[in-house]
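**Student:** Before I ask anything, let me first share the structure, which is written out below as structure tokens.
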Amino acid sequence: MDKYTTYVGLDVHARSIEASAVDVETGEEFRRSFRGCPGAAEVAGWLATLPQPVYCAYESGGCGFTLARGLRAQGFDCDVIAVSTLPRSGRDRRQKCDRLDARAIRREAANPDRGYHAVWVPDEATEGLRDLVRCYAVAADGAKRAKQRLLMFLQRHGHVWDERTKTGRRKKAWTRDFERWLDSISLGEEAAERAFAAYRRQVREARREVAELRAEVLELAGRPESKPIVDAMCLFKGVDTVTAMIVRAEIGDFERFGSAASVSSWAGTTPSDRSSGESERHGGITKAGDRYVRRALVEGCAGIAMWGAGPKAVPRGAEPSAAALEIAARGNRRLRERYDHLAREARKAPNKARVAVVNELIRWLWVAGLQAQREMREGAAA
């Protein structure tokens, strides 16, 4: 039997919280509506009036983990439910309001055979690190879109970058030669010139913001609480310091996963499965997990077809342990063999082979991070 007497479902919004509770021993139900941007202290005050002990839960969403951390600090067990894993009946979809949503969460929380998955609640330091790397990712996307808007604007006016090297290869954009080419463009019309100047200004500002955020991420990567983990992950091909920091921030505590398979499932890189009876159908990856990690690793492995067979050199400034070097050596060798088998022997499409390698890479990164985290704990204890 569960150790809780009262189960509480919370439907949490920015300015209101709807609570529904049930005493499983007597069947008595309790309700409470909180208004005016309620905090954890106000909710905890009401929970204290219920038959103890109390378990409460709410769906993941825009309100984050502040309420869960606050209730845990007050001594109440509180979970944040992954919204995609909360079962919904057809009636729940047809009739929806805050009161019914809270009851649905309460009903599932009190179910001995719970079908939902509780997400890991990071501490404030880990969430702050996660906020920074996500801010960097958003800024990088913004810079990319700003560049695309400028190029499309010039294309509409008949200006297309097509300068080539002596060997006939097209020169890359956003270099000094490209900037000189932009300086040479004259559109003639005053309004168009103003738009052109605005687009260029947006690109410069976006690139400056990306550079500043990247510098901040790299600075945090060199701190004692992150450096051993980042150094261990940077030994893998396709993983640079920023990518390692994204993985480190998103995972947070490497010990929260019980197996390597659960890590790749969390990253959304495992194949989807629609098997039934004698029919086995496997589709594309689920994309149900952490999109920041998945995207960073897929982009990092873009050049996997050109990777050499040898080990990756230890990055400058890195100080990995002997165990980290051994794990990376085995991992890089295995990943290269995996890609060669899929792309050449099994004749899979290059992108499919690359994503399959990423599915294994995230597992190796978890192993390396887990080892580094344990070494850090042992060092602190010594």
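The values are calculated or read from the model by the stated rules, or taken from the named source; none is laboratory data. Keep in mind that what you see is a predicted model, and the values were worked out from it rather than measured. All Cβ positions, glycine included, derive from the backbone under ideal geometry; neighbour counts span all protein chains shown. All accessible areas refer to the heavy atoms of the entire protein, side chains included, with ligands and DNA or RNA removed. Shrake-Rupley method; radii C 1.70, N 1.55, O 1.52, S 1.80 Å.
**Student:** Considering only residues that are part of a helix (DSSP H, G or I) and more than 24 Å from residue 374 (Cα to Cα), which ones fall in region 298-332?
**Tutor:** Taking region 298-332 as the starting set, the residues that turn out to be part of a helix (DSSP H, G or I) are 298-300, 304-306, 322-332.
Residues satisfying the conditions are 298, 299, 300, 304, 305, 306.
**Student:** Now, a different point. Does residue 48 satisfy the criteria of being more than 15 Å from residue 99 (Cα to Cα), open to solvent by 40 Å² or more (accessible area, probe 1.4 Å) and out of contact with any strand residue (DSSP E or B) (no Cβ under 9 Å at 6 or more places or on another chain)? Before you say what the answer is, go through the steps one by one.
**Tutor:** Values: more than 15 Å from residue 99 (Cα to Cα): yes; open to solvent by 40 Å² or more (accessible area, probe 1.4 Å): yes; out of contact with any strand residue (DSSP E or B) (no Cβ under 9 Å at 6 or more places or on another chain): no.
No, not satisfied.
**Student:** Could you look through region 180-205, keep only residues that are part of a helix (DSSP H, G or I) and among the aliphatic types (A, V, I, L, M), and pick out the one that is nearest to residue 145 (Cα to Cα)? Working first, answer last.
**Tutor:** Step one: of region 180-205, the residues part of a helix (DSSP H, G or I) are 180-184, 190-205.
From what's left, among the aliphatic types (A, V, I, L, M): 182, 191-192, 195, 197-198, 203.
Working: 182: 18, 191: 22, 192: 20, 195: 16, 197: 16, 198: 14, 203: 9 Å.
The extreme case among them is 203.
**Student:** Collect the residues in region 107-132 that are charged (D, E, K, R), surrounded by 15 or more Cβ atoms within 10 Å (Cβ to Cβ) and modelled with pLDDT of 95 or more, keeping them in residue-number order.
**Tutor:** Listed by number, the residues that qualify are 127, 130.
**Student:** Right, something else. Would region 273-291 turn up any residue that is β-branched (Val, Ile, Thr) and either within 18 Å of residue 364 (Cα to Cα) or open to solvent by less than 30 Å² (accessible area, probe 1.4 Å) (or both)? Spell out how you get there, then give the answer.
**Tutor:** Filtering region 273-291 for residues β-branched (Val, Ile, Thr) gives 285-286.
If we keep only those that are either within 18 Å of residue 364 (Cα to Cα) or open to solvent by less than 30 Å² (accessible area, probe 1.4 Å) (or both) as well, we get none.
No.
**Student:** What number of residues in region 146-179 are open to solvent by 80 Å² or more (accessible area, probe 1.4 Å), free of Cβ contacts under 8 Å to residues at least 24 places away in the same chain and assigned to a helix (DSSP H, G or I)?
**Tutor:** 5
**Student:** Still on this structure, I have one more. Test each condition in (1) surrounded by fewer than 15 Cβ atoms within 10 Å (Cβ to Cβ); (2) free of Cβ contacts under 8 Å to residues at least 24 places away in the same chain for residue 302 and report the one that comes out false.
**Tutor:** Residue 302 satisfies every listed condition except (2).
To keep it simple, each residue is scored yes or no on (1) without any contact (Cβ under 8 Å) to a residue 60 or more places away in the chain; (2) in contact with a Leu (Cβ under 6 Å, 6 or more places away or on another chain); (3) open to solvent by 10 Å² or more (accessible area, probe 1.4 Å).
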{"position": "232", "(1), (2), (3)": "no, no, no"}
{"position": "239", "(1), (2), (3)": "no, no, no"}
{"position": "256", "(1), (2), (3)": "no, no, yes"}
{"position": "259", "(1), (2), (3)": "yes, no, yes"}
{"position": "263", "(1), (2), (3)": "no, no, no"}
{"position": "271", "(1), (2), (3)": "yes, no, yes"}
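**Student:** Does region 34-43 contain at least one residue that is surrounded by 13 or more Cβ atoms within 10 Å (Cβ to Cβ) and closer than 20 Å to residue 113 by Cβ?
**Tutor:** No, region 34-43 contains no residue that is surrounded by 13 or more Cβ atoms within 10 Å (Cβ to Cβ) and closer than 20 Å to residue 113 by Cβ.
**Student:** Just to be sure, is residue 310 of a type outside the set (D, E, K, R) and open to solvent by 30 Å² or more (accessible area, probe 1.4 Å)?
**Tutor:** Yes: the conditions hold for residue 310.
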